[in-house]
Amino acid sequence: MFRFIVRRLLQLIPTLFGLSLLLFVWLHRLPGGPETAILGERSTPELRARIREEMGLDQPIWVQYGRFMKRVLSGDLGTSIGTKRPVTTEFLERFPGTVELTITALIIAVGIGIPLGYIAARRRGTWIDQLSVGGALLGICIPVFFLGYIVKEVLAVNFGWFPTTGRQDVTIDATRVTGFFVLDGLLTREWDAAADAIMHLILPGIVLASIPLASIVRITRASVLEVVQEDYVRTAEAKGLTEQTVRSRHILRNAMLPVATTIGLLTGSLLSGAVLTETVFAFSGIGAFIVEAIDRRDYPVLMGFIMIVAVIYVLVNLLVDLSYSLIDPRVRVR
Amino acid sequence: MALLEVKDLSVVFARKGEREVRAVDGVSFDVDAGEVVGLVGESGCGKSVTSLAIMGLLPKRGVRVSGQATFDGMNLLQTDERTLRDIRGRDVAMIFQDPLSSLNPVVPIGLQVTEVLTRHRGMKGEAAKKEAAHLLERVGIPDPTRRLKEYPHQLSGGMRQRALIAMAVACAPRLLIADEPTTALDVTIQAQILELLKDLVRDSGTALLMITHDLGVVAGMCKSINVLYAGRRVESAPRRVLFAQRHHPYTVGLLGSIPRLDAPKGEKLRPITGSVRDVLPWAEGCAFAPRCFNRVDRCVDGPPELVWTAAQHGYRCVNPVMEAETAK
């Protein structure tokens, strides 16, 4: 187990190296550069050249890459061209929002998706099944920005049940400890701040959950349909076990493997930011910031954010792989 | 009165848009308390479906079950699901064909045994574990305490079947249904498992319904034998009577197709020609007629009736084999 983890972490090194090289070359080959974003379209070529020189962008690309790697290896991700603040600071400020949003979306998607998928499979062909399969299809098809605006208009603007934007109400003066607003509220016992942060998470959480929810319903349904035909489920029934025991111990536990894989992949992609959802709800996460950085050709931010997200992605998938051996004893981690 | 009285049991698979299949067609037989009864036939003859129907384990949708299966005065086919769950595993238990796929791969053997004890005997924690270890020991699994913690894939085939048997006999059921319990096992293990089953039913007074395609399996242990073909009982007799004289050509064929070590050199096996799919609908005549070596024109005049002799020997054939040597 320990050796498995170490080996996977060591694999991370060539992965990150390759990714950084690819990303660096690719970003710098994009037409335009940060100088255009800073100076505007109508600036003189001389002025633009001076800025490029100041930022070292006139050097050959391998020299630039060498400098970047040297800085990164000493633990410095550089300074944002757009905000003039360290990339690490920017990341630490925004990533907790993304994590909170991801967790919320996952709780919604898993909490509804697994039971719904199970019921759909057990009541195969009934209206419940058709409704959930149809709903899942709709969840995948409906554009996120559209769903986002509808949900916001109806539940936040019209009914006023939820706040419309942001992560925390401006009137609440919450103490910051970790940057995770809900956690901060709980740690400092500022219950109103925690409750307010949760309320801010619900609507974007629902919107962000729509696609993962749909995937989980479909995978769970398919997996349960397969498992219920297995001989060991018949054995469990022949033992006269209660329906609950057959369901949780014999059906769901076996049906969870493919679902766990899906949840792992979904978690990875959710953590890399939810641009549309963040934009609709003016929610401060990493997604919208990355898009902004692409516009500004903010190389340090892009390099730094994407590399960190890649590390997190790998770690999440490592956790998923480890969870297999918990679910299925036949999977031996070596 | 018999412990289990199956009367006129029929099972029809009727899926929407598909042709109806009558898998079991008016089967009747009895199992007395403490008695071993064999249900014999090829794959597809309806023997497994019969056992699943008795247990109430057939899917609810697309299946029509009719007739009676009276266990201890209660018709299991009319019993509600809750009562059935109380009876299953406690009064009537079942062992299946493939021990690996019949065990839950992600649950330790111990829990798969104790869950029966918890459900039907209210045993929990250490007491349940102790009893489970005792059960494993009783079915001949060495080092039972260690085995309790292991998973099915860590056990050998014979060991798995023993574990399944331990789960089935955990509550000392009055009836045990064994559906091809030895088919997936090596020959040497087969004999051990049969011995084990024989010992268990003798010691505990459990009745055993033995379902198999192998007449050799039932030869040594059953008090009476029922032979099924295409969903109907074609021959039924006490074991001694049947092995002395088989009337139905199908039964003759079944026995003739068992390889024997003591057969004279050069003697060939006599397989039954064709497959179970070459059946005639019973309404038009004998379903076995297309494969029968003793066929006459009368065979396809209409459905043959079950004829009974004085020795409780029943056969469904218009041109029965009358001397044991005829087949050879």
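Rounded to the nearest Å, what's the spacing between the alpha carbon centres of the stretch B:2-37 and the stretch A:218-256? Just the number, please.
26
Can you give the average number of partner chain beta-carbon atoms within 10 Å of each beta-carbon in peptide B:99-108, as a whole number?
6
For the protein assembly as shown, what is the percent of antiparallel DSSP beta bridges, rounded to the nearest 5?
60
Apply the membrane-span-like helix rule to chain B: whole DSSP H runs, Cα extent along the own long axis of at least 24 Å, mean Kyte-Doolittle hydropathy at least -0.5. List the helices found.
B:187-204
Just to confirm a number: summing +1 for Lys and Arg and -1 for Asp and Glu over residues other than B:TYR250 whose beta-carbon lies under 10 angstrom from that of B:TYR250, what do you get?
In short, +1.
Would you compute, from DSSP H runs of 4+ residues alone, the mean residue ellipticity of chain B at 222 nm, taking -39500 (n - 2.57) per run and dividing by the full residue count, rounded to the nearest 500?
Estimated from H runs of four or more residues: -8500 deg cm²/dmol.
For chain A, what is the relative contact order in percent, using Cα pairs closer than 8 Å and at least 6 residues apart in sequence?
Over chain A, the number comes to 27 percent.
With an 8 Å Cα cut-off and a minimum separation of 6 or more residues, compute the relative contact order for the stretch B:4-227 in percent.
So the answer I get is 28 percent.
Compute, for chain B, the length of the dipole vector about the Cα centre, with Cβ point charges of +1 (Lys, Arg) and -1 (Asp, Glu) only. Units Debye, rounded to 20.
My answer is approximately 540 debye.
Amide H neighbours of B:ILE177 under 5 Å, counting only residues 5+ apart in sequence or on other chains, H built in-plane at 1.01 Å?
Result for B:ILE177 returns B:ALA93, B:MET94, B:ILE95, B:LEU209.
On average, how many beta carbons from a partner chain sit within 10 Å of the beta carbon of a residue in A:316-329?
Mean partner-chain Cβ count within 10 Å for A:316-329: 1.
Output wanted: per-residue J couplings in Hz (rounded whole) for the stretch B:17-25, from phi through Karplus 6.51 cos²θ - 1.76 cosθ + 1.60, θ = phi - 60°, x for Gly and Pro.
Those phi angles translate into x, 10, 5, 5, 10, 8, 6, 10, 10 Hz.
Fewest first, what order do A:ILE119, A:ILE114 take by the number of other Cβ atoms within 10 Å?
Ranking A:ILE119, A:ILE114 by Cβ neighbours within 10 Å, fewest first, gives A:ILE119, A:ILE114.
Taking the Cα centre of the protein assembly as shown as origin, work out the dipole magnitude from +1 charges on Lys and Arg Cβ and -1 charges on Asp and Glu Cβ, in debye rounded to 20.
Using Cβ point charges on Lys, Arg, Asp and Glu, the protein assembly as shown gives about 1000 debye.
Which value, in debye to the nearest 20, gives the size of the charge dipole of the stretch A:92-327 about its Cα centre, when Lys and Arg are +1 and Asp and Glu are -1 at the Cβ?
Value, rounded to 20: 780 debye.
Taking each residue in B:92-98, count the Cβ atoms of any other chain within 10 Å of its Cβ, then average. What number comes out?
Counting other chains' Cβ atoms within 10 Å and averaging over B:92-98 gives 3.
Local charge sum around B:ARG232 (other residues, Cβ-Cβ under 10 Å, Lys/Arg +1, Asp/Glu -1)?
Net charge around B:ARG232: +2.
Membrane-span-like helices in chain A: DSSP H runs reaching 24 Å or more (Cα, own axis), mean Kyte hydropathy at least 1.0?
A:2-29, A:87-122, A:191-227, A:253-271, A:299-327
None of the figures in this text is laboratory data; all of them are computed from the coordinates on show. On a predicted model such as this, the values are computed, not experimentally measured, just so you know. Reconstructed Cβ throughout: ideal geometry from the backbone, glycine too, with neighbour counts over all protein chains shown.
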